[in-house]
Amino acid sequence: EQTGLITDMTSLVMEQAFQTMNEWLALDEELVLSVNLSAVSLDNLELPDRVQALAKRLDFPLTKLSVEVTESQLVANSNYALDVLTRLRLKGVGLSIDDFGTGYSSLIQLDQMPFTELKVDRCFVSTASENRVGRAIVKSCVELSRQLELTTVAEGVETPADFQYVKSVGCDVAQGYGIAQPLPATEFLAWQQQWPEQLAVLLKPEQGLESCLAG
């Protein structure tokens with residue numbers, strides 16, 4: 001970011017990711033690729049066309065791409081962010097607001113930007129199984145997301161209790177070390193094959209969890 005090369009680096013990351021995802025989509029067409037965008041890239045009005053050109057060259061469907069931006073990035077780049085993100089959305093790219101609930105203008109951003117996904121910040125998710133305030137915030141975010149017809153992602157899911165709570169309130173996707181730690185691409189398919197076994201462990205009732213879900 002400091003050298004102004006972050007957008008070029010993002011393009012290189014996307015190129016590698018598009019190639020790998022094309023192989024995975026041949027095996028599982030439900031997969032979606034998420035890529036974080038730097039605040040600097042939101043100032044680059046050429047970014048949407050660059051992403052589209054790259055996808056066309058690699059025959060990658062842009063409907064399988066979601067870009068993630070944090071609320072602080074949107075506030076810092078309010079002049080161009082709406083333009084850049086709207087043009088990406090018009091090209092079929094999904095838009096995700098990351099770390100939702102940690103800033104001062106989250107609801108304003110939801111109103112102004114064409115988001116398709118809301119990611120509930122880990123600071124709320126990680127306390128939800130033990131803290132009534134955390135539970136209330138996560139549940140409210142899920143209900144808000146449902147009303148706005150957005151996909152909801154719970155960040156920071158690390159324990160079976162975390163997983164079972166976000167599932168109980170209707171969260172669509174869980175993310176965190178309880179699901180998987182960061183993996184090299186070469187190990188992803190092996191993880192995917194053993195996921196049903198891991199899911200069974202995550203769904204196994206834990207002592208005290210019933211009262212958490214009831215509360």
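The values are calculated or read from the model by the stated rules, or taken from the named source; none is laboratory data. Treat the numbers as computed from the prediction; the structure is a model and nothing was measured. Ideal geometry is used to build each Cβ from the backbone, glycine not excepted, and the neighbour counts take in all protein chains shown. The accessibility values were calculated without ligands, DNA or RNA, using every heavy atom of the protein model including side chains. Shrake-Rupley method; radii C 1.70, N 1.55, O 1.52, S 1.80 Å.
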Pairs of alpha carbons in the chain whose separation is greater than 27 Å (percent) | 37
Counting only protein heavy atoms with a 1.4 Å probe and every protein chain in place, the carbon and sulfur fraction of the accessible surface of the chain in whole percent equals 52
Highest mean first, what order results for 4-11, 182-189, 150-157 on Cβ atoms within 10 Å?
-> 150-157, 4-11, 182-189
Inter-site label distance for Arg132 and Gln194 at 7 Å from Cα along Cβ, in nm = 4.0
In nm, what is the difference between 0.36 nm times the number of residues separating Leu27 and Leu148 and their Cα-Cα distance?
-> 40.4 nm
Largest to smallest accessible area among Lys167, Lys139, Lys91 [probe 1.4 Å] | Lys167, Lys139, Lys91
Rounded to the nearest 10 degrees, the helix 47-58 long axis (Cα) sits at an angle to the longest Cα principal axis of the chain of 90
Tyr80 - accessible surface, heavy atoms, 1.4 Å probe, Å² rounded to 10 | 100
Gain in span if fully extended, Val173 to Leu82, counting 0.36 nm per residue against the direct Cα distance | 30.2 nm
Determine the per residue accessible area of segment 10-158 with all protein chains present and a 1.4 angstrom probe, expressed in square angstrom.
-> 51
At 1.4 Å probe size, with no ligands or nucleic acids counted, give the accessible surface of Arg57 in Å², nearest ten.
-> 150
Show the residues, 5+ positions off or on another chain, whose built amide H is closer than 5 Å to the amide H of Ala174.
-> Ala154
At a 1.4 Å probe radius, which order do Ser129, Ser96 fall into by accessible area, largest first?
-> Ser129, Ser96
Measure nothing but the geometry: give the 0 to 90° angle between the long axis through the Cα atoms of 6-25 and the longest principal axis through the Cα atoms of the chain, rounded to 10°.
-> 60
Taking segment 1-65, which GluC sites (Glu not before Pro) meet the DSSP loop condition and have no more than 11 other C-beta atoms within 10 Å?
-> Glu1, Glu29, Glu30, Glu46
